[in-house]
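Structure first, then comments.
Taken together, the values in this text are just the output of simple stated rules run on the coordinates, not laboratory data. Everything quoted here is computed from the prediction, not taken from an experiment. Glycine gets a Cβ as well: all are built from the backbone with ideal geometry, and neighbour counts include every protein chain shown.
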Amino acid sequence: EKKWKPFYKHIQNIIDEKDIDEKSLKYVVDNNEELLKVSNELVKRYEKSNKSTNYLDKSRLHIVNIAGRERMLTQKMTKEKLLIIKGNREYRDKLQKTIKLFDDSLNALINGDSKQIIVQPTNKTIKKQLAKVASIWKKLKPLYKKSKVTRKELLTIIKENPILLFQMNKMVKMSEIEIEY
């Protein structure tokens, strides 16, 4: 909450078009990763607070965590891509790492990964939803990786990213409520 309050104030300045001097934008760019780290730590603590000894219970909670992280990564990739386009070259390596993390996490959610305590889904609805996410990602990944995008490609990223985010959010909700994963 301590990290979020000033961040929220700056976000509101940007939304309300009061950030003429771009100080709020600079604050958001400079502080968003710290906010993400703190948020991720909160999720990890919540996950560790589960005292179940049942492997499937632990796996399910971890799947919700990973799927939730995917939502954050969609936004992080777009931010990093836009900053690169704006001329901030130092984000190139960060973007490549974010792409890899998103890609690896999506593959683990689709195929399972025993090292990460992620079982392969058997639920047809969840599998179908993950296929939707993978289909959108297949279109976006080359655009995120491309060093220079055309205006049309940039518009594709901007248009498709919220759809990817929405579909990942749907997957998170499914993994929380479906009885069979």
- Taking amide H positions as placed 1.01 Å from N in the peptide plane, with prolines and chain starts having none, which residues 5 or more places from Ile118, or on another chain, fall under 5 Å of its amide H? Asp113
- Cross-link pairs beyond the 26 Å C-alpha cut-off, checked among Lys127/Lys148; Lys79/Lys100; Lys2/Lys44: Lys127/Lys148
- Within 10 Å, count the other beta carbons around each residue, average over each peptide in 114-120, 37-43, and list them highest first. 114-120, 37-43
- Query: What pairs from Lys48/Lys115; Lys97/Lys152; Lys94/Lys145; Lys58/Lys132 go past 21 Å between their alpha carbons?
  - Reply: Lys97/Lys152; Lys58/Lys132
- Message: Just to confirm the number: angle between the C-alpha axis of helix 151-177 and the first principal axis of the chain, 0 to 90 degrees, nearest 10?
- Response: 30 degrees
- Task: Could you give the size of the charge dipole of the chain about its Cα centre, using +1 on the Cβ of each K and R and -1 on the Cβ of each D and E, expressed in debye and rounded to the nearest 20?
- Result: 440 debye
- Query: What is the gain in length, in nm to one decimal, between Ile158 and Lys23 on full extension, counting 0.36 nm per residue of separation less the C-alpha to C-alpha distance?
  - Reply: 46.3 nm
- Task: Sticking with the crude label model, points 7 Å out along Cα→Cβ, report the distance from Lys141 to Asp57 in nm, one decimal please.
- Result: 3.5 nm
- Can you work out the FRET efficiency for the pair Leu35 and Thr122, with r the C-beta to C-beta distance and R0 = 45 Å, to the nearest 0.05? 0.80
- Note on the structure: Everything considered on the Cα gyration tensor (a ≥ b ≥ c; rounded for a/c under 1.5, else prolate if a/b is larger than b/c, else oblate), region 43-98 must be described as prolate
